[in-house]
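Each remark here refers to the structure printed beneath this line.
What follows draws every value from the coordinates through simple rules; no lab data is involved. Remember, it's a predicted structure, so these values are computed and weren't measured experimentally. Every residue, glycine as well, gets a Cβ built from its backbone with ideal geometry; the counts of neighbours run over all protein chains shown.
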Amino acid sequence: MRHSDYTCHMGCPTEAALEAIGGKWKGVILYHLSDGTKRFGELQRLLPHITQRMLTRQLRSLENDQIVHRQVYPEVPPKVEYSITEFGQTLAPILQALQDWGETYLKKLEEIRARNAPVGRSPTPPAPDRGLTTIRSKG
């Protein structure tokens with residue numbers, strides 16, 4: 001649930017930022033939009049595990065926060081494209097830092113699992129890469 005007021009305490013700016021880009025899908029959506037404009041169907045293909053309803057909700061939320069721009073073309077059938085706004089581009093270094101930390105974290109998890117694996121059993125394999133190697137910034 002979104003807050004209407006962020007004047008509560010020192011952590012509120014962090015809470016506001018996490019509300020804007022947090023959750024399971026927003027970061028991945030922004031990752032895929034970081035290399036250019038995408039149509040809704042393209043995003044669905046790139047994110048096969050998200051439902052159409054959830055993708056729509058996440059895109060609308062990002063649009064309401066002016067992080068993503070939605071362009072509707074008056075065609076039949078309707079053509080809708082999504083891109084990252086200039087304001088949204090300011091998230092690129094933050095998303096890259098999250099990606100870098102995530103890579104470190106996944107390596108650490110692998111080490112922990114290897115140490116804690118029962119004798120004679122191989123550790124749990126690492127999570128699939130999903131192709132999220134580097135956040136691409138407009139340059």
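Data for the structure
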item	result
Local net charge near Glu42, Cβ-Cβ under 15 Å (Lys/Arg +1, Asp/Glu -1)	+3
Placed amide H near Val68: partners under 5 Å, 5+ positions off or other chain	Glu63, Thr85
Alpha-carbon centroid distance for the pair region 82-101 / region 31-52, whole angstrom	16 Å
Region 12-116, dipole about Cα centre (Lys/Arg Cβ +1, Asp/Glu Cβ -1), debye to the nearest 20	460 debye
For region 12-116, alpha-carbon Rg and Dmax in angstrom	15.9, 58
Under 17 Å from the Arg60 label point (7 Å along Cα→beta-carbon), backbone N, region 74-96	80-82
Peptides ranked, highest mean first, by Cβ atoms within 10 Å: ranges 40-51, 105-116, 56-67	56-67, 40-51, 105-116
